[in-house]
Amino acid sequence: PRRKILFSHILPNAISPVIVAATLALATAIIDAAGLGFLGLGPQDPSTPEWGTMLTDTVRYLQTAPHLAITPGRAIVVSVLGFNLIGDGLREALDPKLRGRT
């Protein structure tokens, strides 16, 4: 029957690419949101904490306190790299073509 084929063959092979694409899209969304916040196109409420806005606010203090800009920049890099590594690891673990390899 069609339902058996769907639940036993198609869905198990379709779920893993969706999960991997979601983790990689999340990393892209973090960079996009930070970039828009840096350009001033992010949330209009100034009390909203956002990494791009934090970077914009520290531009005038770069000469005296560069760590204010390094901290949110490092947070962006670590989170994006983490999500990319998680997505890559999930791709390797869940890819049906790579399941038989060691």
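In summary, ILE70 fulfils each of the numbered conditions (1) within 30 Å of ARG91 (Cβ to Cβ); (2) of a type outside the set (D, E, K, R); (3) surrounded by 12 or more Cβ atoms within 10 Å (Cβ to Cβ) with the single exception of condition (1). Taking only region 16-58 into account, find how many residues are closer than 26 Å to GLU92 by Cβ and not β-branched (Val, Ile, Thr). Total satisfying the criteria: 10. Restricting the first member to region 42-67 and to residues that are under 21 Å from VAL80 (Cβ atoms) and free of Cβ contacts under 8 Å to residues at least 40 places away in the same chain, and the second to residues that are hydroxyl-bearing (Ser, Thr, Tyr) and surrounded by 10 or more Cβ atoms within 10 Å (Cβ to Cβ), the beta-carbon pairs closer than 7 Å and six or more apart or on different chains are GLY42/THR53. Within region 56-92, the set of residues being over 16 Å from PHE38 (Cβ atoms), small (Gly, Ala, Ser), at pLDDT 90 or above and in a helix (DSSP H, G or I) comprises GLY82 only.
Within region 7-39, the only residue that satisfies the criterion of being open to solvent by less than 50 Å² (accessible area, probe 1.4 Å), at pLDDT below 90 and not hydrophobic (A, V, I, L, M, F, W, C) is SER16. For GLY42, state whether it is under 23 Å from the mean Cα position of the chain (by Cα) and not in a helix (DSSP H, G or I). It is true that GLY42 is under 23 Å from the mean Cα position of the chain (by Cα) and not in a helix (DSSP H, G or I). Return yes or no: is LEU24 assigned to a helix (DSSP H, G or I) and touching an Asp or Glu at 6+ places or on another chain (Cβ under 9 Å)? Criteria met by LEU24.
The values are calculated or read from the model by the stated rules, or taken from the named source; none is laboratory data. All values reported here derive from a predicted model rather than from experimental measurement. Neighbour counts run over all protein chains shown; Cβ positions are idealised from the backbone, glycine included. Note: areas computed on protein heavy atoms with side chains; ligands, DNA, RNA excluded. Shrake-Rupley method; radii C 1.70, N 1.55, O 1.52, S 1.80 Å.
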